[in-house]
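What follows draws every value from the coordinates through simple rules; no lab data is involved. Not measured: the values here are computed from a predicted model. Please note: Cβ atoms are built from the backbone with ideal geometry, for glycine as well, and neighbour counts cover all protein chains shown.
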Amino acid sequence: MGCDVVTVSTDTKHTHLAWREHEKDLHRVAYPMGSDGTGALSRMFGVYEDETGLAFRGTFIINPEGVLLGIEVNFDNVGRNIDELMRKFKASLYLSRKTSEACPSKWKDEGDKTLTPGAKLVGKVHEALND
Amino acid sequence: MCECECGCNCGEPLKLGQKVPDFTLKTYEPSKGDFGTFSLADQMARKRWTILFFYPADFTFV
């Protein structure tokens with residue numbers, strides 16, 4: 001899909017290795033596991049917590065031009081939904097080609113109904129989604 | 001405004017639509033069973049999208 005996932009925590013790469021090898025749920029994990037030991041990258045994205053030295057559960061979508069297109073940040077006790085992340089990534093990818101369209105909340109994949117913002121859509125979103 | 005003009009926003013967290021300054025991470029790469037590096041510049045050179053997935057600590061849930 002032209003996309004790479006990299007996970008990031010303030011642990012070292014050595015700890016990443018140990019966790020990946022010991023946790024059975026991670027044995028199929030293939031993506032690179034990044035180490036942000038100084039917290040510099042976590043700070044840059046606003047997910048660094050000074051009190052703990054740890055990063056919040058933040059997910060960021062960056063396009064091939066290096067522009068930040070998606071931000072989701074949860075507190076450290078709420079897990080993320082991968083289906084919703086993939087929906088947002090697919091929508092961003094689709095909209096990079098179809099720049100005049102918009103993907104509504106129920107859009108899941110190419111072929112689903114999109115909106116084309118403009119004067120004709122004002123007050124007519126219901127009709128546009130349900131006709 | 002950013003005085004250094006590097007696009008880093010001088011300590012302010014990045015906002016949507018902003019260009020992300022280049023960064024490099026040391027990594028563990030399970031697919032190779034080896035250590036490596038990941039950089040945004042590499043991703044841009046290869047025209048790849050990037051999903052950065054932060055989490056508090058190893059040995060915790062997703």
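Place a label point 7 angstrom from the Cα of A:LEU26 along the Cα-to-Cβ direction, then list the residues of the range A:52-96 whose backbone nitrogen is under 12 Å away.
Those under the cut-off are none; the list is empty.
Which of A:PHE75, A:PHE56 has the fewest other C-beta atoms within 10 Å, and how do the rest follow up to the most?
So the residues, fewest neighbours to most, are A:PHE75, A:PHE56.
Tell me what chain A gives for mean residue ellipticity at 222 nm when only DSSP H runs of n ≥ 4 count, each as -39,500 (n - 2.57), the sum divided by the residue total, rounded to 500 deg cm²/dmol.
Estimated from H runs of four or more residues: -8000 deg cm²/dmol.
On a 0 to 90 degree scale, rounded to 10, what angle separates helix A:13-22 from the longest Cα axis of chain A?
Helix A:13-22 sits at roughly 80 degrees to that axis.
What whole-number value in cubic angstrom gives the convex hull volume per residue for the C-alpha atoms of chain A?
Dividing the Cα hull volume of chain A by its residues yields 161 Å³.
Taking H placed 1.01 Å from N in the peptide plane, check which residues at least 5 places from A:VAL8 or on another chain put their amide H under 5 Å from its amide H.
Result for A:VAL8 returns A:GLY34, B:PHE53, B:PHE54, B:TYR55.
When only Cα pairs under 8 Å and 6 or more residues apart are kept, what is the percent relative contact order across the range A:61-110?
Relative contact order of the range A:61-110: 27 percent.
Normalised by the number of residues in chain A, what is the relative contact order in percent for Cα pairs under 8 Å and 6+ residues apart?
Relative contact order of chain A: 13 percent.
When A:CYS3, A:CYS103 are ordered from fewest to most other Cβ atoms inside 10 Å of their Cβ, what list results?
Going from least to most buried by this count: A:CYS3, A:CYS103.
Ranked highest first by the average count of other Cβ atoms within 10 Å around their residues, in what order do A:45-54, A:76-85 fall?
A:45-54, A:76-85
Kindly rank B:51-58, B:21-28 from highest to lowest mean number of other beta carbons found within 10 Å of each residue.
B:51-58, B:21-28
Work out from phi, with θ = phi - 60° and the Karplus expression 6.51 cos²θ - 1.76 cosθ + 1.60, the ³J(HN,Hα) of each residue of the range A:39-45, listed in order in whole Hz, and give x for Gly and Pro.
Rounded to whole hertz, the list is x, 4, 5, 4, 5, 4, 9.
Averaged across A:82-90, how many Cβ atoms of other chains sit within 10 Å of each residue's Cβ atom?
Neighbouring Cβ atoms belonging to other protein chains average 1 per residue here.
Kindly work out what percent of the DSSP beta bridges joining two residues of chain A are antiparallel, to the nearest 5.
Expressed as a percentage, antiparallel bridges in chain A total about 75.
If r is the Cβ-Cβ distance from A:SER100 to A:VAL67 and R0 is 30 Å, what FRET efficiency results, to the nearest 0.05?
After rounding, the FRET efficiency stands at 0.95.
Over all alpha-carbon pairs in the range A:7-80, figure out the percentage whose distance exceeds 15 Å.
62 percent
Under the Karplus relation 6.51 cos²θ - 1.76 cosθ + 1.60, θ = phi - 60°, what is the ordered set of whole-Hz ³J(HN,Hα) values for the range A:87-104, x standing for Gly and Pro?
4, 5, 5, 4, 5, 4, 5, 4, 6, 5, 9, 10, 6, 8, 9, 9, 9, x
Taking each residue in A:45-58, count the Cβ atoms of any other chain within 10 Å of its Cβ, then average. What number comes out?
Mean inter-chain Cβ contacts per residue within 10 Å come to 3.
Please find the FRET efficiency linking B:SER39 to A:LYS108, where r is the Cβ-Cβ separation and R0 is fixed at 22 Å, and quote it to the nearest 0.05.
0.10
Below 8 Å between Cα atoms, with a sequence gap of 6+, how large is the relative contact order for the range A:7-80 in percent?
With pairs under 8 Å counted, the relative contact order is 24 percent.
Starting from the Cα-Cα distance between A:GLU127 and A:GLU84, subtract it from 0.36 nm times their residue separation and give me the gain in nm to one decimal.
13.0 nm
Counting only other chains, and only Cβ atoms inside 10 Å, what mean value do you get across the residues of B:34-40?
That works out to 4 on average.
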